[in-house]
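S.K.: Got a structure here, written out as structure tokens. Questions coming.
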Amino acid sequence: MELTGELCPSFAGEQQVKKPRPTLTPRYQQVLGELKLGRTEAQIAKRMRVSYHTIHSHVMAVYRHFGVRSRAQLMAQWLKR
């Protein structure tokens with residue numbers, strides 16, 4: 001076996017299996033829906049009757065879930081689906 005195959009099986013021609021991404025919680029889905037409508041975090045917090053910081057935390061969790069760092073990246077990722 002080649003050295004690269006020992007260090008990284010994908011170099012040896014083995015297929016890596018992608019793990020399914022866990023689904024968003026209902027609350028995160030609700031926040032994502034509000035983001036899709038173009039609402040700000042402050043507007044979402046007011047509509048959902050929680051603090052801005054709670055919504056900001058939820059938005060950051062949604063970003064992590066999709067592997068993005070901004071709302072623009074999130075919307076681009078969502079549109080690809």
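Each value in this text was obtained by applying a stated rule to the coordinates, not by laboratory testing. Just so we're clear, the structure is a prediction, and the values are computed from it rather than from any experiment. Don't worry about glycine lacking a Cβ; one is built from the backbone with ideal geometry, like all the others, and counts go over all protein chains shown.
S.K.: What is the gain in length, in nm to one decimal, between residue 71 and residue 27 on full extension, counting 0.36 nm per residue of separation less the C-alpha to C-alpha distance? Let's see the in-between values first.
M.R.: Working: separation 44, 0.36 × 44 = 15.84 nm, distance 1.76 nm.
Full extension of this stretch gives 14.1 nm more.
S.K.: Here's something else I'd like to know. I want to check the label-to-label distance for residue 43 and residue 61. Put each point 7 Å from Cα in the C-beta direction and report it in nm to one decimal.
M.R.: Between residue 43 and residue 61, the simple spin-label model gives 2.3 nm.
S.K.: With an 8 Å Cα cut-off and a minimum separation of 6 or more residues, compute the relative contact order for region 21-80 in percent.
M.R.: 31
S.K.: Let a ≥ b ≥ c be the square roots of the eigenvalues of the Cα gyration tensor of region 21-80; is it rounded (a/c under 1.5), or, if not, prolate (a/b larger than b/c) or oblate?
M.R.: Details: a/c = 1.79, a/b = 1.46, b/c = 1.23.
Taking the square roots of the gyration eigenvalues as a ≥ b ≥ c, region 21-80 is prolate.
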